[in-house]
1. Of the numbered conditions (1) within 16 Å of ligand 2 (Cβ to nearest atom); (2) within 30 Å of TYR137 (Cβ to Cβ), LYS403 fails exactly one; give the number of that condition.
2. Can you tell me which of GLU115, GLU105 is without any contact (Cβ under 8 Å) to a residue 40 or more places away in the chain and charged (D, E, K, R)?
3. Condition first: under 23 Å from the mean Cα position of the chain (by Cα), at pLDDT 70 or above and over 22 Å from GLY409 (Cβ atoms). Can you find one or more residues in segment 16-39 that meet it?
4. Considering only residues that are assigned to a helix (DSSP H, G or I), out of contact with any helix residue (DSSP H, G or I) (no Cβ under 8 Å at 6 or more places or on another chain) and either open to solvent by 60 Å² or more (accessible area, probe 1.4 Å) or among the aromatic types (Phe, Trp, Tyr) (or both), which ones fall in segment 279-299?
5. Only one of THR97, THR90, THR40 is open to solvent by less than 30 Å² (accessible area, probe 1.4 Å) and closer than 27 Å to ILE397 by Cβ; which?
6. Is there any pair with a first residue in segment 390-408 that is open to solvent by 40 Å² or more (accessible area, probe 1.4 Å) and a second that is within 13 Å of ligand 1 (Cβ to nearest atom) and of a type in the set (Gly, Ala, Ser) whose Cβ atoms are under 9 Å apart and which are 6 or more apart or on different chains, and what are they?
7. Here are some residues: ALA110, ALA130, ALA78, ALA158. Which one is under 25 Å from the mean Cα position of the chain (by Cα), of a type in the set (A, V, I, L, M, F, W, C) and away from ligand 2 (no atom under 16 Å from the Cβ)?
8. Do the conditions hold for ALA85, that is, is it part of a helix (DSSP H, G or I), away from ligand 2 (no atom under 16 Å from the Cβ), within 28 Å of GLU435 (Cβ to Cβ) and of a type in the set (Gly, Ala, Ser)?
Amino acid sequence: MLSGQMPIFVLKEGTSREQGKNAQKTNIEAAKAIADAIRTTLGPKGMDKMLVDSIGDIVISNDGATILKEMDVDHPTAKMIVEVAKSQDTAVGDGTTTAVVLAGELLKQAEVLLEQGVHSTVITNGYRMAVNEAKKYLGELAISADDDKTLRQIAITALSGKNTGTSSDFYADLVVKAVNAVATERNGKVSVDTANIKVDKKNGGSVTDTQFINGLVIDKEKVHAKMPSVVKNARIALVDSALEIKKTEIEAKIQITDPSKIQDFMTQESDTFKNMVEKVKKSKANVLLCQKGIDDIAQHYLAKEGIYAVRRVKKSDMEKLAKATGAKIVTNLDDLTASALGSAEMVEEKKIGDDRMTFVTGCANPKAVNILIRGGTDHVVSEIERSLNDAIRVVGITKEDGKFLPGGGAIEAELAMKIRSFANSVGGREQLAIEAFAKSMEIIPRTLAENAGMDPINTLIQLKAEHEKNHATFGIDINGNKIGDMKAAGVYDPLRVKKHAIESAVEVSTMILRIDDVIASKKSSGSESPGAGGMGGMGGMGGGMPPY
Ligand code: ADP
Ligand code: MG
């Protein structure tokens, strides 16, 4: 898009269209409305939202991305804000409310400047200059560490706003264990594929029954009652083909003329299964996890050999089992050699709630692990699942980057101060916009204070005074209802999350500011609303700025 050159539209009469200041104003209002709606959820003392859909299903959440996903949003620019939360969530897993609240404030401050007659191009330029400067400071202010204690604090900070209540410490330990288990190192670079941490939930029990499994839980029982319920020192075979005889597609008729042949026929079938089980036995496997079906007769022989078997294991579970136990997935039973087997200290059938599940535990060096969430009701376990997934992502990111920032609004207060002095050095028309950016950063400590029931104005004044005194890590000590050192308090946010939140907030607010014309367009296949067409690039934005 070239600035200054607007395409000429020749519209049919009656086409809905909003132009210039008017379009800008309604766009900003819509975006601000979304930000305002979730502002009260920010931080540990933030409130929850209850979302009720047209058929009465309820979601209770404190998570920005979840709330916005569930909200029925209509206005195109409001949708753009929702997209920011989604992209933040996909990219880094946390900081969604922060990104949206910042975007709302950047627009609100821009509105003030627009009313003073500052052109939107000047504002977007100023915002861009400010965000580049801010990223530099963030890098400088970041603290380097990736030890377990740090990771634990990262998890606790991410969990603190959620409905995990007093159990945050407990969950934080589970998360750190899980992330450490799946972390791999190559050429000195740590990487964490959080997809290898399976998070399952099962209603019932107490939240403290939630457990970390050094291996995997499969939501399946053993196929035969006579099989052992516990296998110690498990040697595990993973097979992705059926232990069944394929049924023919067309109905086949077998004519047996001699009565003695009936027995032959049945024996032959039975021998086929006996052979299959013989091959499993020969490999010395004592556990068989099969992705497909296992015939009744095969089940019988397996039970007779004391082999624990599960059928119809999900493909994704098979892949994780291979990573957890070190087994190779085989298709042909002839390939089932001792070296293809995986191992675990124990394979066990346990009753969880009303269901029987298979626990594969005590894997020596598992590259895939499991967290099984328990809790009273569906709402509880679902919100814990969302919270743990957030925490897993941020701990994973910190394990990879080894860099974090003081939270509780400390970093935003510091940025506000630094960017203000940067604005003075820039001068010119952009100075006002850069100052507006600095002011916008203060919305984070301000909202955290407000949500904690503290006086936002006084708190902000005190906080600014500390930062003037070079106390860069001072933020809102929510539990103490005062300001305090966030580094000492262990309130940590990953550098990557903060960076991404600020970048996406600037990206979406400048994008909205640049729109001066909203025209109802013809319905085109693939885009369901006028806003959707322009959103194509938003989902994948990795923090890069749109070309100017
Ligand atoms: P987001 O969706 O942006 O992650 P949250 O509701 O999780 O929103 O709130 C995150 C903010 O709360 C961060 O700025 C973080 O530093 C802050 N925060 C978390 N725990 C504390 C705490 N104990 N004291 C002060 N601030 C906290
Ligand atoms: Mg959060």
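The values are calculated or read from the model by the stated rules, or taken from the named source; none is laboratory data. These figures come from a predicted structure and were not determined experimentally. Here Cβ is always computed from backbone atoms with ideal geometry, including for glycine, and neighbour counts include all displayed protein chains. Side chains included, ligands, DNA and RNA excluded: accessible areas come from the protein's heavy atoms. Shrake-Rupley method; radii C 1.70, N 1.55, O 1.52, S 1.80 Å.
1. Single failed check for LYS403: (1).
2. Step by step, each of GLU115, GLU105 is checked, and only GLU115 is without any contact (Cβ under 8 Å) to a residue 40 or more places away in the chain and charged (D, E, K, R).
3. No.
4. Hits for segment 279-299 are LYS281, LYS282, ASP296.
5. Step by step, each of THR97, THR90, THR40 is checked, and only THR97 is open to solvent by less than 30 Å² (accessible area, probe 1.4 Å) and closer than 27 Å to ILE397 by Cβ.
6. From residues that are open to solvent by 40 Å² or more (accessible area, probe 1.4 Å), the pairs are ARG393/GLY93; ARG393/ALA158.
7. ALA78
8. Criteria not met by ALA85.
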